[in-house]
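Asker: Dropping a structure here in structure tokens format, bear with me for questions.
Read-outs throughout are calculated quantities, based only on the coordinates presented, and are distinct from any laboratory measurement. It should be emphasised that the depicted structure is a prediction, and the values quoted were computed from it without experimental measurement. Note: ideal-geometry Cβ built from the backbone for every residue, glycine included; neighbour counts use all protein chains shown.
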Amino acid sequence: MPRPPESVVDGSKAEAKDLPAVDRLLREPVVAALLHEHGHTLVAGEARLLLDGLRSRARAGTLDRAAVQGLALAAALGTQVQRRLAPRLQRVLNLTGTVIHTNLGRALLADAALQHVLAMMAGPNNLEYDLASGGRGDRDSIVEELLCTLTGAEAATVVNNNAGAVLLTIAALARGQECIVSRGELVEIGGAFRMPDVMAAAGATLVEVGTTNRTHPQDYERAITDRTALLMKVHTSNYAVQGFTAAVDEAELASIAHARGLPLASDLGSGSLIDLAAYGLPREPTPQEKLAAGCDVVTFSGDKLLGGPQAGLIVGSRAAITRIRKYPLKRALRMSKLPLAALEATLRLYLRPERLAQDLPTLRLLTRSAESLRALATALLPAVAAAVAPRFDAQVVDLLGQIGSGSLPVDRLPSAGLALAPVQKKGAGRALDALSSALRALPLPVIGRIADDRLLLDLRGLEDPQPFTAQLPQLQECLR
Ligand SMILES: *Cc1c(COP(=O)(O)O)cnc(C)c1O
């Protein structure tokens, strides 16, 4: 009996023996272009993986015959090569309403910082070279003077991040001795950074004083012994103790510490170098006021409210900073030249505070008015509504965002954006999940948040709407 013509076989399943050998696939004319562009190593490696995968599917009887034809295989290989070369770290649009979002990379760098990083990384630089003397320099000197000018500190040093800054400070000042902290300040911040564990890792013994809600000066005074090396305040970044509370402020604690010849350290977490209240934002403590209150060391992050790269900034008295800088752990936690270049350029922006709300993206985003965001939402509404119709309704809504990354946990930022709600109440949860994954699957993934059976897109994080609107046809296609 004659074999049926090809068209009749279409749609039937392929067998493993129908798949070509790697060499034959590589000799397909379309694959020549891939080989030319990417070389043999990558393309042959991906071809092997592709064919292995298809062979198991063929053995399982789930591979369509159409998939084993030369052109289809070449196309699949092209896609696989592109996917392998695509970076895992991608740009996204942060429409969550949380401006400094740890999962989305925290602070955005200013143009000045980006340019300085590019310029400094493209060639050799004087990272640890003193151009005046021609001798060895210290990388701390790149930012120390700036940090002292901006905070009023006598001395400053920088490390990889603020968790490292806290660990190093405790180790350098209290290793093998005791460090006193209020029970109301034994914080856990994300990523397994818990004060008692940090204390143990630094080799210091934590002495807890007071209670969760109230700690008094006498609590500290009574706990001080000849084993005490350090008193410490920790900013309760991600929670607030409210109601019947008492805490000892830095000024009072500094006089208690200094009367016994002990240093006082303060971990500010975010810390802001400017008074945010002057911009109509909730107040956040500044390193300068903590130093003025008598703290010997203040630590804070580079990529939270400061608006720079990941870094741990340590400012304080010359005596304390010298001990910290000499401690061996400093070398292990030192900053790399890449973020150091970004940090220097970011700090320089603070020398021109009048321009900061334009020059520093974090502050620029935080100071966008709710009215301007509402106007933007109104302008975007027709296009967005058309893209998500008919399954979803779009509406302009007032929203409450937040600064994020542990600053000001209870304060909310009045904001505005778009709310997308499933038209059919039945299966609304699944529809919302599908919508948010469609948004995440866009070439420039859009990250919103789901609340009250709606997907909310807070527009505070959308400075340039063009890349967002340009993707709406793709979103529409995907939701069809
Ligand atoms: C965020 C934070 C840290 C850690 O800072 P990183 O720069 O993320 O390492 C430490 N302490 C407090 C109070 C914080 O809020």
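Asker: Say R0 is 51 Å: what FRET efficiency, to the nearest 0.05, do Glu188 and Leu127 get from their beta-carbon distance? Could the numbers behind the result be given before it?
Answerer: Values: r = 35 Å, r/R0 = 0.69.
Working from the Cβ atoms, E equals 0.90.
Asker: Could you work out the equivalent-ellipsoid semi-axes for the stretch 274-341, taking the square root of 5 times each eigenvalue of the Cα gyration tensor, largest first, in whole Å? Please report the intermediate quantities before stating the final value.
Answerer: Details: eigenvalues 121, 65, 9 Å².
Semi-axes (√(5λ), whole Å): 25, 18, 7.
Asker: Still on this model: Would you calculate the separation in nanometres between label points at Ala383 and Lys326, each defined as 7 Å from the Cα along the Cα-to-beta-carbon direction?
Answerer: 6.1
Asker: Please give, to one decimal in nm, the separation of the simple spin-label points placed at Gln466 and Leu338, each 7 Å out from Cα toward the Cβ.
Answerer: 2.8
Asker: For the stretch 111-355, with only Lys/Arg (+1) and Asp/Glu (-1) charged at the beta-carbon, what is the dipole magnitude about the Cα centre, in debye rounded to 20?
Answerer: 500
Asker: Let me ask another. Quote the FRET efficiency, to the nearest 0.05, computed for Ser12 versus Asp452 with a Förster distance R0 of 51 Å and r equal to the Cβ-Cβ distance.
Answerer: Working: r = 49 Å, r/R0 = 0.97.
Efficiency for this residue pair is about 0.55.
Asker: May I ask which residue of Leu25, Leu273, Ser255 lies farthest towards the positive end of the charge dipole of the chain, with charges of +1 (Lys, Arg) and -1 (Asp, Glu) on Cβ and the Cα centre as origin?
Answerer: Checked the options; the winner is Leu25.
Asker: Let me ask another. Counting helices only, and only those DSSP H runs with n ≥ 4, report the 222 nm mean residue ellipticity of the chain as the sum of -39,500 (n - 2.57) divided by its residues, in deg cm²/dmol to the nearest 500. Could the numbers behind the result be given before it?
Answerer: Working: 21 runs with 200 residues, N = 480.
So the helix-based figure for the chain works out to -12000 deg cm²/dmol.
Asker: Using the Cα centre as the reference, give the magnitude of the dipole from point charges on the C-beta atoms of the chain (Lys, Arg: +1; Asp, Glu: -1; all else neutral), rounded to the nearest 20 debye. Walk me through the intermediate numbers first.
Answerer: Numbers: 52 positive and 49 negative charges, 280 e Å.
Using Cβ point charges on Lys, Arg, Asp and Glu, the chain gives about 1340 debye.
Asker: Calculate I(q)/I(0) for the stretch 13-85 by the Debye formula, one identical point scatterer on each C-alpha and no solvent, and give its log10 at q = 0.16, 0.20, 0.26 Å⁻¹ to two decimals.
Answerer: Summing over Cα pairs of the stretch 13-85 leads to -0.49, -0.75, -1.19.
Asker: Rounded to the nearest 5, what % of DSSP beta bridges with both residues in the chain are antiparallel?
Answerer: Working: 33 of 54 bridges.
Taking every DSSP beta bridge within the chain, about 60 percent pair in antiparallel fashion.
Asker: Multiply the residue gap between Arg48 and Asp23 by 0.36 nm, knock off their C-alpha separation, and tell me the result in nm, one decimal place. Each step should come with its number before you reach the end.
Answerer: Working: separation 25, 0.36 × 25 = 9.00 nm, distance 0.95 nm.
Between Arg48 and Asp23, full extension yields an extra 8.1 nm.
Asker: Which whole-number value in Å³ per residue fits the convex hull of the alpha carbons of the chain?
Answerer: Details: hull volume 105.4 nm³, N = 480.
Spread over its residues, the Cα hull of the chain gives 220 Å³ apiece.
Asker: Dipole magnitude of the stretch 1-140 about its Cα centre, charges +1 at Lys/Arg Cβ and -1 at Asp/Glu Cβ only, in debye to the nearest 20? Don't skip to the end; give the middle numbers.
Answerer: Numbers: 17 positive and 15 negative charges, 123 e Å.
Dipole magnitude for the stretch 1-140 comes out near 600 debye.
Asker: Separate question: Cut-off is 10 Å between beta-carbons; in what order do Ser270, Ser436, Ser336 appear when sorted fewest neighbours first? The partial results should precede the final answer.
Answerer: Numbers: Ser270 22, Ser436 17, Ser336 13.
By the 10 Å Cβ count, ascending: Ser336, Ser436, Ser270.
Asker: What whole-number value in cubic angstrom gives the convex hull volume per residue for the C-alpha atoms of the stretch 105-210?
Answerer: Working: hull volume 18.4 nm³, N = 106.
Value for the stretch 105-210: 174 Å³ per residue.
Asker: Taking neighbour counts of Cβ atoms within 10 Å as a proxy for exposure, in what order, fewest first, do Met335, Met195 appear?
Answerer: Details: Met335 26, Met195 21.
So the residues, fewest neighbours to most, are Met195, Met335.
Asker: Project the alpha carbons of the stretch 191-335 onto their principal axes and report the range along each, largest first, in whole Å.
Answerer: 43, 41, 31
Asker: Calculate the FRET efficiency for Ala428 and Tyr279 from the Cβ-Cβ distance with a Förster distance of 35 Å, rounded to the nearest 0.05. Don't jump to the answer; show the numbers that get you there.
Answerer: Numbers: r = 39 Å, r/R0 = 1.11.
According to the calculation, E is roughly 0.35.
Asker: Cα centroid distance between the stretch 131-174 and the stretch 252-328, in Å?
Answerer: First find each Cα centre; the distance between them is then 12 Å.
Asker: Of Thr211, Leu168, Gly190, whose Cα points farthest to the positive end of the dipole of the stretch 149-221 (charges on the beta-carbon: +1 Lys, Arg; -1 Asp, Glu; origin at the Cα centre)?
Answerer: Gly190
Asker: Compare the Cα positions of Val423, His38, Ala386 along the charge dipole of the chain (+1 at Cβ of Lys, Arg; -1 at Cβ of Asp, Glu; about the Cα centre) and return the one farthest towards the positive end.
Answerer: Value: His38.
Asker: Further question: Using a 7 Å offset from Cα along Cα-Cβ at Cys478, what residues in the stretch 428-455 end up with backbone N under 13 Å from the label point?
Answerer: Taking a point 7 Å out along Cα→Cβ of Cys478, the residues of the stretch 428-455 whose backbone N falls under 13 Å are 433-448.
Asker: Hey, rough spin-label estimate for His36 and Arg440, points 7 angstrom out along Cα→Cβ, what's it come to in nanometres?
Answerer: 3.9
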